[in-house]
Amino acid sequence: MTPAKSKSLPNNPVIALLTEINEDNGPDFGKVHSFCEELHQGVSELGGSFYVFSLKGFSEKGVEGFSYDDEEDGWKKGFFPFPAVIYNRVSSRRTEISKGFKGFLNKLDARGIKIFNHRFLSKWEIHESIVQEDHLHPFIPETHLYSETLLQNMLEKHDALYIKPVHGSQGRNIIQVAKNDGLYHASFSSMPERVLPGFKYMSELASAISPIVGKRLCIIQQGIQLSELNGRRLDFRVLCHKNAQQFWKVTSIVARVSAEQYFVSNIARGGEVMKPGHTLALIFGKEQARHQLALMKELALETAEVISKYAEGLTAELGIDIGIDIKGNLWLIEANSKPSKNFEEKNTKIRPSTKAIIDHCYGLCQP
């Protein structure tokens, strides 16, 4: 294919997704593989073209990558024109802070190529953004950068705490700390609760969790007594996208219920997805469930707006995690700038988040 200009016509755009590609058996786009097939289908139906590429495929003459061949029913390697818009799904934080990636962004800027969600946002960055908005304070658990001094200070104020890696994801390496019966207890997200004995002294607790904390930068966060379903922890993932007019919309909401004896609800840690309205109704009744669901959408949209306001570059997709305590109050747990594609129900060939991404891409292509 002959290299073309960096910008295509708005009604026939070239859209690309950037991610890691394993070519050993194929190509394999990892966790976004099926999502890429949906993007191809959706963009093609609108008259545009779509391909997937890795960082090494980008050159001064064009882009080497893979497009979907409908006749052969598979991905085919080729050389493509520069896209108008790039959706970044690189899964490595290390890659995104490299000199090579920063040079890549500079080349995109020079060619007028737009890229959105161009890097992971850390838990601390997100906290620093939302805490600047006074109206969000009632929904934010007390949060600080971790230190042993703060561990002691916060345990004097709160019965439970969570210690989370600033750059963590999928519920990995989270520590729950609690005090009861005069003892300090620690639980780990990778194991069932209460695998460690209680500690009498704070110094013993700090020593026990130190191998997990290690040299990682972590946050320490107030533990909220969230609602439970049959003794299992519960929170909600609200997926938000910017549409073609640059307004945030809620694309989907799911309830996430933890595996038994685990305190995180992440699917990667054995959690289960349920319908949000039904789940809320089981706990609070139908009328209150409808009210809470509406408030949840409103809170997620306000949070997405604030994060995108302070984040570097273009942010167009966020997964907002919201908890509801036993009194029915909403809490912002965290937000993910590259949310998993495994939450939505696959009732249609093209899921809502795929349509939302395409809508946003077409909006960015407008002159």
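The values are calculated or read from the model by the stated rules, or taken from the named source; none is laboratory data. This is a predicted model, so every value here is computed, not measured. Every residue, glycine among them, receives a Cβ derived from its backbone with ideal geometry; neighbour counts consider all protein chains shown.
Quick notes on this structure:
- Top-ranked residue of the stretch 24-34 - restricted to ones that are touching a residue at least 12 places away in the same chain (Cβ under 8 Å) and under 14 Å from Phe53 (Cα atoms), ranked as farthest from the chain's Cα centre (by Cα): Gly26
- Looking only at residues in the stretch 323-337 that are part of a strand (DSSP E or B) and among the charged types (D, E, K, R), the one that is farthest from Gln225 (Cα to Cα) is Glu334.
- Within the stretch 212-240, being assigned to a loop (DSSP other than H, G, I, E, B), over 15 Å from Asp325 (Cβ atoms) and at pLDDT 85 or above holds for one residue alone: Leu217.
- Counting only helices (runs of 4 or more DSSP H) that sit wholly inside the stretch 56-159, those with at least 1 residues that are under 18 Å from Ala316 (Cβ atoms) are 93-96, 99-111, 123-130.
- Residue check, Thr19 in contact with an Asp or Glu (Cβ under 9 Å, 6 or more places away or on another chain) and either touching a residue at least 40 places away in the same chain (Cβ under 8 Å) or within 27 Å of Leu318 (Cβ to Cβ) (or both): no
- Of residues in the stretch 241-278 being hydroxyl-bearing (Ser, Thr, Tyr) and at pLDDT below 90, the one nearest to Gln366 (Cα to Cα): Ser265
- Residue pairs meeting the criteria (Cβ under 7 Å; at least 6 apart or on separate chains; first within 14 Å of Thr354 (Cα to Cα), in the stretch 79-91; second at pLDDT 95 or above and acidic (Asp, Glu)): none
Every residue, every condition in (1) under 13 Å from Ile333 (Cα atoms); (2) surrounded by fewer than 19 Cβ atoms within 10 Å (Cβ to Cβ); (3) in contact (Cβ under 8 Å) with a residue 24 or more places away in the chain; (4) β-branched (Val, Ile, Thr), yes or no:
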position	(1), (2), (3), (4)
Arg111	no, yes, yes, no
Ile115	no, no, yes, yes
Ile126	yes, no, yes, yes
Ser129	no, no, yes, no
Asp134	no, yes, no, no
His137	yes, yes, no, no
Tyr146	no, no, yes, no
Gln152	no, yes, yes, no
Leu161	yes, no, yes, no
